[in-house]
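The values are calculated or read from the model by the stated rules, or taken from the named source; none is laboratory data. Note that the coordinates shown come from a computational prediction; the quantities given were computed from them, not determined experimentally. Because the Cβ atoms are built from the backbone with ideal geometry, glycine has one as well, and the counts that use them run over all protein chains shown.
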Amino acid sequence: MKKIALLPLRKDSKGIPGKNKKKLLGRPLFSWVLSEAVFSNLDAVYVFTDDCEILSFIEKEYAWNPRIKGLLRNDENATDTASTESVMIEFATKINYDFDVLCLLQATSPLTRASDINSVLDKIENYDSALTVVKTHRFIWNSDGTAQNYDVFQRPRRQDFEGLLVENGAVYATTKAAFLDSNNRISGKIGLVEMDEASYVEIDSITDWEIIEKLLANRLQKSKGHRRIDYLVLDVDGVFTDGCVYFGAEGELMKKFDMRDGMGLEILRQNGVEVIVMTSENSALVEQRMKKLQIEHVFMGVKDKYARLTQFLKDRTASFDQVAYVGDDVNDLANICRVGWSFCPANGTEVVKQQSDYILTHNSADGAIREVSEIIMKYNRRY
């Protein structure tokens, strides 16, 4: 049974301009749902958009996972008046209805987990379609002043109130047969999958954005666990270097590195800690320096560091709990919040310091990595 997902994105957004590409905890908004989808039981995930910049991003950033695909949607179905169903029909037609189950995902529901998607896929095995809902214990009223869901003279306590199930707009799924018959995201015999109440918040305003960002950070941090550190992941600019780049007429000329950092990393490798470098930049100087340091795993030009690290760990049947991470800026935030131990150099950005487990006493390119190496060596002695 072929199970695929559709993640529709529009270039324009009236509420929050450029919403889908705006950084949420250091990652483009749409990447939160996308990465959960690709690590679910789906066979393929299509980003369906009129934004060529996003399509280019998909092609470059997620080449490591062939299940992620980009597809251009028509302009007439990318307006704010076009229905989601019309977008689904266009998409299904473009891929010649090559699916058994079609899953609709929403970028504005970044709290969606792979487990939520899997639950919907499991549910649809016995239904024609399924969707996610949340339980609300709020009392609902009609505009004429009558209560919808409780007796005002016998007001129930919250713990005794069954509540109502409300769509949260996160995940929908339909069988091919049901969709061909109805041209609707849900039809026939419909199954429900309950998600956390927090997932009811969708991003339609800056206030929603701020709430979701805090919820995501808290969720990642609550997932932290502590084990022996087997992997040290390092950013480059602002961690290995002082964040400065020296340019000449022919381009990048020089970056500053600290020799003491190299010795610290060598000692770590001798004691079974694997060193990984992950940077958003493509730099010949960095590439040369990492070869000199004999670091095998160097990932250059990585914009979505969280998804790439997730895949790296999955390939090794390892967990975030075994990782120490050093970062200094917003594109490191998701990993900073999630790994077993996170570090920020003394001269890192304030937003990263606020989320890090440990603020180093040394600046970048001035002994910060050596300091991390010594902390990890001391920490690992207990294992």
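Please go through (1) farther than 14 Å from S31 by Cβ; (2) at pLDDT below 95 for K60 and return the number of the only condition it doesn't satisfy.
(1)
Among (1) in contact with a helix residue (DSSP H, G or I) (Cβ under 9 Å, 6 or more places away or on another chain); (2) surrounded by 17 or more Cβ atoms within 10 Å (Cβ to Cβ); (3) among the small types (G, A, S), there is one condition G243 misses while meeting the rest; what is its number?
Going through (1) in contact with a helix residue (DSSP H, G or I) (Cβ under 9 Å, 6 or more places away or on another chain); (2) surrounded by 17 or more Cβ atoms within 10 Å (Cβ to Cβ); (3) among the small types (G, A, S) one by one, G243 breaks only (1).
Which pairs turn up if I take residues in the stretch 259-271 that are under 10 Å from I376 (Cβ atoms) and look for partners that are in a helix (DSSP H, G or I) and small (G, A, S) with beta carbon separation below 6 Å, at least 6 apart in sequence or on another chain?
Pairs found: G264/S373; L268/S373.
Right, K224: of a type in the set (K, R), touching a residue at least 12 places away in the same chain (Cβ under 8 Å) and under 30 Å from I89 (Cβ atoms) or not? Don't jump to the end; show me each part of the working.
On the way: of a type in the set (K, R): yes; touching a residue at least 12 places away in the same chain (Cβ under 8 Å): yes; under 30 Å from I89 (Cβ atoms): no.
In short, no.
What's the total number of residues in the stretch 331-359 that are in contact with a strand residue (DSSP E or B) (Cβ under 6 Å, 6 or more places away or on another chain) and aliphatic (A, V, I, L, M)?
Restricting attention to the stretch 331-359, the residues satisfying the condition of being in contact with a strand residue (DSSP E or B) (Cβ under 6 Å, 6 or more places away or on another chain) are 334-336, 339-344, 352-353, 356-359.
Subset that is aliphatic (A, V, I, L, M): 334, 336, 339, 352, 359.
Number satisfying all stated conditions: 5.
Does A114 satisfy the condition of being within 16 Å of K176 (Cβ to Cβ), under 27 Å from the mean Cα position of the chain (by Cα) and small (G, A, S)? Break it down into steps so the answer makes sense when it comes.
On the way: within 16 Å of K176 (Cβ to Cβ): no; under 27 Å from the mean Cα position of the chain (by Cα): yes; small (G, A, S): yes.
For A114, the condition - within 16 Å of K176 (Cβ to Cβ), under 27 Å from the mean Cα position of the chain (by Cα) and small (G, A, S) - is not met.
Tell me which residues, restricted to the stretch 37-81, are of a type in the set (D, E, K, R), within 13 Å of D12 (Cα to Cα) and not in a helix (DSSP H, G or I).
D50, D51, D80
With (1) part of a strand (DSSP E or B); (2) closer than 30 Å to K22 by Cβ as the list, and L165 as the residue in question, which single condition is left unmet?
Just one mismatch for L165, condition (2).
Looking at the stretch 162-175, I want the residues that are hydroxyl-bearing (S, T, Y) and have a partner that is outside any strand (DSSP E or B) and surrounded by fewer than 15 Cβ atoms within 10 Å (Cβ to Cβ) with Cβ atoms under 7 Å, at least 6 apart or on another chain. Which pairs are those?
Qualifying pairs under 7 Å: T175/D100.
What is the residue count in the stretch 303-328 for residues that are in a loop (DSSP other than H, G, I, E, B), modelled with pLDDT of 95 or more and surrounded by fewer than 21 Cβ atoms within 10 Å (Cβ to Cβ)?
So the answer is 4.
Mind telling me which of the residues V352, V339 ends up being under 19 Å from the mean Cα position of the chain (by Cα), crowded, with 23+ Cβ neighbours inside 10 Å and over 18 Å from L24 (Cβ atoms)? Break it down stepwise before answering.
Values: V352 fails: over 18 Å from L24 (Cβ atoms).
Residue meeting the stated conditions: V339.
For residues that are β-branched (V, I, T) and within 26 Å of E162 (Cβ to Cβ), tally how many sit in the stretch 197-210.
Let us first name the residues in the stretch 197-210 that are β-branched (V, I, T), namely 201, 203, 206-207.
This time we only want the ones that are within 26 Å of E162 (Cβ to Cβ), so: 201.
Within the stretch 197-210, residues that are β-branched (V, I, T) and within 26 Å of E162 (Cβ to Cβ) number 1.
Being assigned to a loop (DSSP other than H, G, I, E, B), crowded, with 20+ Cβ neighbours inside 10 Å and of a type in the set (A, V, I, L, M) is the filter here, so list the residues in the stretch 1-36 that pass it.
L25, the sole residue that qualifies.
Across the stretch 78-130, what is the total count of residues that are buried (at least 22 other Cβ atoms within 10 Å of the Cβ), in contact with a Leu (Cβ under 8 Å, 6 or more places away or on another chain) and closer than 17 Å to G188 by Cβ?
Number of matching residues: 7.
Considering the stretch 168-205 alone, what residues qualify as being β-branched (V, I, T), outside any loop (DSSP other than H, G, I, E, B) and within 27 Å of I140 (Cβ to Cβ)? Let's see the steps before the verdict.
Here is the first cut: in the stretch 168-205, the ones β-branched (V, I, T) are 171, 174-175, 186, 190, 193, 201, 203.
Of the ones still in play, those that are also outside any loop (DSSP other than H, G, I, E, B) are 171, 174-175, 190, 193.
Within the stretch 168-205, V171, I190, V193 meet the criteria.
If you check every pair at least six apart or on different chains, which have Cβ atoms under 7 Å apart with a residue in the stretch 21-33 that is under 8 Å from P110 (Cα atoms) first and a residue that is part of a helix (DSSP H, G or I) second?
L29/K19; L29/N20; F30/N20
Residue check: is K135 outside any loop (DSSP other than H, G, I, E, B), crowded, with 18+ Cβ neighbours inside 10 Å and basic (K, R)? Spell out how you get there, then give the answer.
Numbers: outside any loop (DSSP other than H, G, I, E, B): yes; crowded, with 18+ Cβ neighbours inside 10 Å: no; basic (K, R): yes.
It is false that K135 is outside any loop (DSSP other than H, G, I, E, B), crowded, with 18+ Cβ neighbours inside 10 Å and basic (K, R).
In the stretch 236-282, which strands (runs of 3 or more DSSP E) lie fully inside it and hold 1 or more residues that are under 14 Å from S364 (Cβ atoms), acidic (D, E) and more than 29 Å from the chain's Cα centre (by Cα)? Give the derivation first.
Numbers: elements: 246-248, 251-254, 274-278.
Ranges flagged: none.
Scan the stretch 82-109 for residues that are in contact with a strand residue (DSSP E or B) (Cβ under 9 Å, 6 or more places away or on another chain) and part of a loop (DSSP other than H, G, I, E, B) and jot them down. Before you say what the answer is, go through the steps one by one.
Of the residues in the stretch 82-109, the ones in contact with a strand residue (DSSP E or B) (Cβ under 9 Å, 6 or more places away or on another chain) are 84, 87-88, 90-92, 94-95, 98-109.
Within the stretch 82-109, I95, D98, F99, D100, Q106, A107, T108, S109 meet the criteria.
Among the residues of the stretch 56-77 satisfying the criterion of being in contact with a helix residue (DSSP H, G or I) (Cβ under 9 Å, 6 or more places away or on another chain) and of a type in the set (A, V, I, L, M), which is surrounded by the fewest Cβ atoms within 10 Å (Cβ to Cβ)? So that I can check it myself, show each step before the final result.
Here is the first cut: in the stretch 56-77, the ones in contact with a helix residue (DSSP H, G or I) (Cβ under 9 Å, 6 or more places away or on another chain) are 57-58, 61-62, 64-65, 67-74, 76-77.
From what is left, the residues that are of a type in the set (A, V, I, L, M) are 58, 68, 71-72.
Numbers: I58: 21, I68: 21, L71: 15, L72: 13.
Going through the qualifying residues, I end up with L72.
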